[in-house]
Amino acid sequence: MSAISVRKAVLADLRAILKIEQANASAAHWNPSEYERLFEDSGIQRLALVAEGANAIEGFVIAREVATEWELENIAVAPDGQGQGIGAGLLQALVDRVREAGGTKLMLEVRESNLAARRLYERAGLEVCGRRKRYYQQPPEDALLFEKKLT
Ligand SMILES: CC(C)(COP(=O)(O)OP(=O)(O)OC[C@H]1O[C@@H](n2cnc3c(N)ncnc32)[C@H](O)[C@@H]1OP(=O)(O)O)[C@@H](O)C(=O)NCCC(=O)NCCS
């Protein structure tokens, strides 16, 4: 695979972001209007990054700030690009930017059965810090809570 660079998402990336989200059943699913709001000044501190290859956007990550703590809301890589380090690159770029912004913690929740995502988070140094019983619907499943302290 050719070199991938990670940069801040812009409105023109929206179509590619939606395509990647829709190609991944286990990604968090939002309405297009919720993605559009990423690029509006809504007062909510959000960060959206994309991984860009030679010809296309290969993945994205979205996080939001809650006080100085950041919640990873969604991360997905195009199915053809998975397993090649793109998710790890996106997550590392997110951690770097959150640190630069003075963030003290990165946290997230994930379906217990999502082994690819769990592995990605563990490799990036996030640790399981809790469980929410039957947090997800269709199918019902527990969420595992992960966090990484950044101070
Ligand atoms: C989770 C996801 C973003 C990982 O991205 P990726 O680019 O495939 O991950 P990477 O290639 O950077 O791999 C990171 C680590 O996860 C592991 N991994 C990736 N896919 C895996 C899989 N299907 N099964 C087990 N481990 C997997 C890799 O082996 C690697 O660990 P290693 O360094 O020990 O080998 C990607 O699988 C995806 O888009 N999944 C669908 C969306 C989703 O579930 N998002 C999370 C919930 S919001």
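Would you say VAL98 is touching a helix residue (DSSP H, G or I) at 6+ places or on another chain (Cβ under 8 Å), more than 22 Å from ALA16 (Cβ to Cβ) and either surrounded by 15 or more Cβ atoms within 10 Å (Cβ to Cβ) or not basic (Lys, Arg) (or both)?
Numbers: touching a helix residue (DSSP H, G or I) at 6+ places or on another chain (Cβ under 8 Å): no; more than 22 Å from ALA16 (Cβ to Cβ): yes; either surrounded by 15 or more Cβ atoms within 10 Å (Cβ to Cβ) or not basic (Lys, Arg) (or both): yes.
Against the criterion (touching a helix residue (DSSP H, G or I) at 6+ places or on another chain (Cβ under 8 Å), more than 22 Å from ALA16 (Cβ to Cβ) and either surrounded by 15 or more Cβ atoms within 10 Å (Cβ to Cβ) or not basic (Lys, Arg) (or both)), VAL98 does not qualify.
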Among the residues of segment 127-145, is there at least one that is out of contact with any His (no Cβ under 8 Å at 6 or more places or on another chain), within 12 Å of the ligand (Cβ to nearest atom) and aromatic (Phe, Trp, Tyr)? yes
Checking ALA67 against (1) within 15 Å of the chain's Cα centre (by Cα); (2) more than 15 Å from the ligand (Cβ to nearest atom), the condition it does not meet: (1)
State which residue pairs qualify: first residue under 20 Å from ALA54 (Cα atoms) and inside segment 66-87, second residue in a loop (DSSP other than H, G, I, E, B) and of a type in the set (Lys, Arg) in any location, beta carbons under 7 Å apart, and separation of 6 or more residues or different chains. none
Checking the conditions here, which among ARG118, ARG111 is among the basic types (Lys, Arg), touching a residue at least 60 places away in the same chain (Cβ under 8 Å), surrounded by 16 or more Cβ atoms within 10 Å (Cβ to Cβ) and near the ligand (Cβ under 9 Å from one of its atoms)? ARG111
Evaluation of THR104 against (1) crowded, with 18+ Cβ neighbours inside 10 Å; (2) touching a residue at least 40 places away in the same chain (Cβ under 8 Å); (3) away from the ligand (no atom under 14 Å from the Cβ) (one fails), failing number: (1)
Index of the failed condition, ALA93 passing every other in (1) over 21 Å from PHE146 (Cα atoms); (2) more than 8 Å from the ligand (Cβ to nearest atom); (3) surrounded by 17 or more Cβ atoms within 10 Å (Cβ to Cβ): (1)
Hey, can you tell me all the residues within segment 23-33 that are under 19 Å from VAL110 (Cβ atoms) and of a type outside the set (A, V, I, L, M)? ASN24, SER26, HIS29, TRP30
How about segment 112-148: which of its residues are in a strand (DSSP E or B) and charged (D, E, K, R)? GLU127, ARG131, ARG132, LYS133, ARG134, GLU141, ASP142, GLU147, LYS148
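None of the figures in this text is laboratory data; all of them are computed from the coordinates on show. Here the structure is a predicted model, which means the values were calculated and not measured. Using ideal geometry, Cβ is built from the backbone for each residue, glycine included, and neighbour counts are taken over all protein chains shown.
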